[in-house]
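What follows is a short report on a single structure.
The values are calculated or read from the model by the stated rules, or taken from the named source; none is laboratory data. Everything quoted here is computed from the prediction, not taken from an experiment. Cβ placement follows ideal geometry from the backbone for every residue including glycine, while neighbour counts extend to all protein chains displayed. Note: areas computed on protein heavy atoms with side chains; ligands, DNA, RNA excluded. Shrake-Rupley method; radii C 1.70, N 1.55, O 1.52, S 1.80 Å.
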Amino acid sequence: RTINELLMDPSNSNIMVAASSNNVIYRTTDGGANWSGSASLGTNPKDIAYHPTNSSIVYASGTTFHKSTDGGASFTQITSGVPGGSQRIAIAVSANQPNWVYLLAGGGSGLVGIYRSTDSGDNFATRTTTPNILGYETNGSGTDSQAWYDLVIAADPTNADVIYTGGVNLWKSVDGGSTMTCSSYWVGTSGSIDGVHADQHALEFSPHTNSLYNGNDGGVYFTTDNGLNWNDISSGLAIAQIYKIGVA
C-alpha cells in the first residue's frame, strides 16, 4: 500500500493520521509505535486535512469526501453539495475562516468544480465550474486534465478568500474561487505569467513568512508576492527525468 499523506495533530505531536491506498485512514496516538485503521472509506484517500482550530475534526478525500469528528478514528461520507463522478478531490482549509473547507474536483475532461463549505464540511456550495484550470492553457480552454495525477489546492491562512490551485499550471482566486486567474505557465513565461515547471503536487504556506511554497515534477518553487513571481530553488536536487536517447 501507499501512504498518500501523513499529518500530525497540531495540538498533540504524538497523534498522526495517514491516508492509505487501501481505502483506510490510519491513526497513531503514541508517535507511530502503534496504528489503528478506520473502516474502509470506499475510495483511495489522496488528501487529508485537520480543522484549523479543532483537531477532533479531520477531512479526507479521494473520489468522494469524508469527515471525522473523533480525530480520525472513524469517518462519515458527506454528499451535500459534493460532486459525483470526480477522478480526484483535493482539500484546503484556512485558519482565517476555520469552518470553511474548499474542495477542488477534477475529472477526465477537465475541472469538475471548486466548492466551499462554511459549516466545517457538512454542506458545500459551488463556487465555479469554469474555466478548465486543470489543462495546459493559461486561458483555461480545452478539456485536458491530469487530475488523477496532479491536483492540489491551498487557502491563505490570513485571508480565506485567497486560494491557489495546481494541476498542470498554477491558478489563483481572490474571491473564494468564484473567478480564477492563471498564476504560472508550464512551458515558461507567457506575457505577465511566470513560468513554473508542470505537474503541481504540493502547495504549502510558510507559518513564519506566509510565503507560498510549491512542489512539482521539476522541484520546489516559492512566491513572496502573492503568485506574481515564482522563485525556483531546485538547484542541487537530483530529480531530472531522461525521456529519450539517440545513438548512431
Of all residues in the range 202-248, count the ones that are open to solvent by 70 Å² or more (accessible area, probe 1.4 Å), outside any loop (DSSP other than H, G, I, E, B) and not aromatic (Phe, Trp, Tyr). 2
Yes or no: THR2 under 19 Å from the mean Cα position of the chain (by Cα), surrounded by 14 or more Cβ atoms within 10 Å (Cβ to Cβ) and without any contact (Cβ under 8 Å) to a residue 24 or more places away in the chain? no
Answer yes or no: is there a residue in the range 18-30 that is assigned to a loop (DSSP other than H, G, I, E, B) and of a type in the set (A, V, I, L, M, F, W, C). yes
State yes or no: is ALA39 in a strand (DSSP E or B), among the small types (Gly, Ala, Ser) and touching a residue at least 12 places away in the same chain (Cβ under 8 Å)? no
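For the condition in a loop (DSSP other than H, G, I, E, B) and either farther than 17 Å from LEU111 by Cβ or open to solvent by less than 20 Å² (accessible area, probe 1.4 Å) (or both), what is the one hit in ALA198, ALA154, ALA160? Walk me through it before giving the result.
Numbers: ALA154 fails: in a loop (DSSP other than H, G, I, E, B); ALA160 fails: in a loop (DSSP other than H, G, I, E, B).
Just one listed residue meets the conditions, ALA198.
Scan the range 73-84 and give yes if some residue there is outside any loop (DSSP other than H, G, I, E, B), open to solvent by less than 50 Å² (accessible area, probe 1.4 Å), more than 30 Å from SER141 (Cβ to Cβ) and of a type in the set (Val, Ile, Thr), otherwise no.
Looking only at the range 73-84, we keep the residues that are outside any loop (DSSP other than H, G, I, E, B), and these are 76-78.
When the remaining residues are screened for being open to solvent by less than 50 Å² (accessible area, probe 1.4 Å), the result is 78.
Subset that is more than 30 Å from SER141 (Cβ to Cβ): 78.
Keeping just the survivors that are of a type in the set (Val, Ile, Thr) gives 78.
The answer is yes; a qualifying residue exists.
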Could you tell me which numbered condition ASP9 fails, if it satisfies all but one of (1) touching a residue at least 24 places away in the same chain (Cβ under 8 Å); (2) of a type in the set (Asp, Glu); (3) open to solvent by 50 Å² or more (accessible area, probe 1.4 Å)? (3)
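Every residue in the range 113-139 that is under 17 Å from ASN169 (Cβ atoms) and touching a strand residue (DSSP E or B) at 6+ places or on another chain (Cβ under 8 Å), please.
Residues of the range 113-139 that are under 17 Å from ASN169 (Cβ atoms), as a first pass: 114, 128, 130-139.
Answer for the range 113-139, where residues must be under 17 Å from ASN169 (Cβ atoms) and touching a strand residue (DSSP E or B) at 6+ places or on another chain (Cβ under 8 Å): ILE114, THR128, THR130, PRO131, ASN132, ILE133, LEU134, GLY135, THR138, ASN139.
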Show the residue pairs that are 6+ apart or on different chains and have beta-carbon atoms under 8 Å apart, the first residue being within the range 46-66 and within 17 Å of ASN12 (Cα to Cα) and modelled with pLDDT under 95, the second being open to solvent by less than 20 Å² (accessible area, probe 1.4 Å) and basic (Lys, Arg). none
Restricting to the range 163-193, name every residue that is surrounded by fewer than 20 Cβ atoms within 10 Å (Cβ to Cβ), touching a residue at least 24 places away in the same chain (Cβ under 8 Å) and outside any loop (DSSP other than H, G, I, E, B). SER190, ILE193
Of the residues TYR221, TYR213, TYR243, only one is under 29 Å from GLY107 (Cβ atoms) and modelled with pLDDT under 95; which? TYR243
Are there any pairs, at least 6 apart or on different chains, whose C-beta atoms fall under 6 Å, with the first in the range 14-32 and more than 17 Å from ASP47 (Cα to Cα) and the second open to solvent by less than 40 Å² (accessible area, probe 1.4 Å), and if so, which? ILE15/ASP9; THR28/MET16; THR29/ILE15
